[in-house]
Amino acid sequence: MDNKLSLIITIVNSGYSEDVVNSLREKGAKGATILSGNGSVRPEAEKLYGIQIHPEKEILLITVATSLVDELLKVVYEKYGQTSEAQGVAFSLPIEDASENLYAQYDMKA
């Protein structure tokens, strides 16, 4: 068994975080912490890229077993990526150490 954890950070337009969390739960994620945020971009960017920029964002912090990362990122990219209304981006970071309770959620030992 893989005894490593990763943090998936996902940023989506406001209003899409619950949909993302529900989709990721179906693939093995246990839940998420959702933070509100505001994006910052130069006004010229909308003209340059030909897309509408939504300043209100939601940031999802999701701790998962590293073995799940690829599958979960694929879900985000396919369902909530830049070409969708959610305009989501996601990436993962390794977790070097965590509390025993966090490891227990994934039946791992610290």
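So, with +1 on the Cβ of K and R and -1 on the Cβ of D and E, and no other charges, what is the size of the charge dipole of the chain about its Cα centre, to the nearest 20 debye?
Details: 10 positive and 16 negative charges, 17 e Å.
Here the chain has a charge dipole of around 80 debye.
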TODO: Go through (1) 45, 22, 10; (2) 29, 13, 12; (3) 20, 20, 11 and flag the label whose value is the computed semi-axes √(5λ) of the Cα gyration tensor in Å for this structure.
DONE: (2)
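From largest accessible area down, sort 83, 33, 63; use a 1.4 Å probe on the protein chains. Numbers along the way, then the final one.
Details: 83 145, 33 75, 63 35 Å².
So the residues, ranked largest to smallest area, are 83, 33, 63.
Could you sort 19, 70 by accessible area so the largest value comes first, with the probe set to 1.4 Å?
Output order, biggest surface exposure first: 70, 19.
Using a 10 Å Cβ count of at most 16 others and DSSP loop calls, identify the longest part of the chain lacking such GluC sites (Glu not before Pro). Intermediate results must be reported in sequence, preceding the final value.
On the way: sites that count: 26, 85, 96.
Longest run free of exposed loop sites: 27-84.
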Open item on the list: What does the C-alpha gyration tensor say about the overall shape of segment 3-42? Classify as rounded when a/c is under 1.5, otherwise prolate if a/b is larger than b/c, or oblate.
Closed with: oblate
Open item on the list: Can you tell me the length gained on complete extension of the stretch residue 44 to residue 22, counting 0.36 nm per residue apart and subtracting the Cα distance?
Closed with: 4.5 nm
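Rounded if a/c is under 1.5, else prolate if a/b beats b/c, else oblate: with a ≥ b ≥ c from the C-alpha gyration tensor eigenvalues square-rooted, which is segment 69-110?
On the way: a/c = 3.65, a/b = 2.90, b/c = 1.26.
Taking the square roots of the gyration eigenvalues as a ≥ b ≥ c, segment 69-110 is prolate.
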- [ ] Take the Cβ-Cβ distance between residue 82 and residue 34 as r, set R0 to 22 Å, and report the resulting FRET efficiency rounded to the nearest 0.05.
- [x] 0.65
TODO: Could you work out how far helix 69-80 tilts from the main Cα principal axis of the chain, as a 0 to 90 degree angle to the nearest 10?
DONE: 30 degrees
Open item on the list: If I build a Gaussian network model for the chain, linking alpha-carbon pairs within less than 10 angstrom, which residue out of 48, 68, 24 has the largest mean-square fluctuation?
Closed with: 48
Task: 17, 67, 84, 36, ranked by accessible area, largest first (probe 1.4 Å) - done: 36, 67, 84, 17
- [ ] With an 8 Å cut-off on Cα pairs and a minimum separation of 6 or more residues, tell me the relative contact order of the chain in percent.
- [x] 43 percent
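The values are calculated or read from the model by the stated rules, or taken from the named source; none is laboratory data. Since the structure is predicted, the reported quantities are computational estimates derived from the model, not experimental observations. All Cβ positions, glycine included, derive from the backbone under ideal geometry; neighbour counts span all protein chains shown. Protein only, heavy atoms only, side chains kept; ligands, DNA and RNA dropped before computing areas. Shrake-Rupley method; radii C 1.70, N 1.55, O 1.52, S 1.80 Å.
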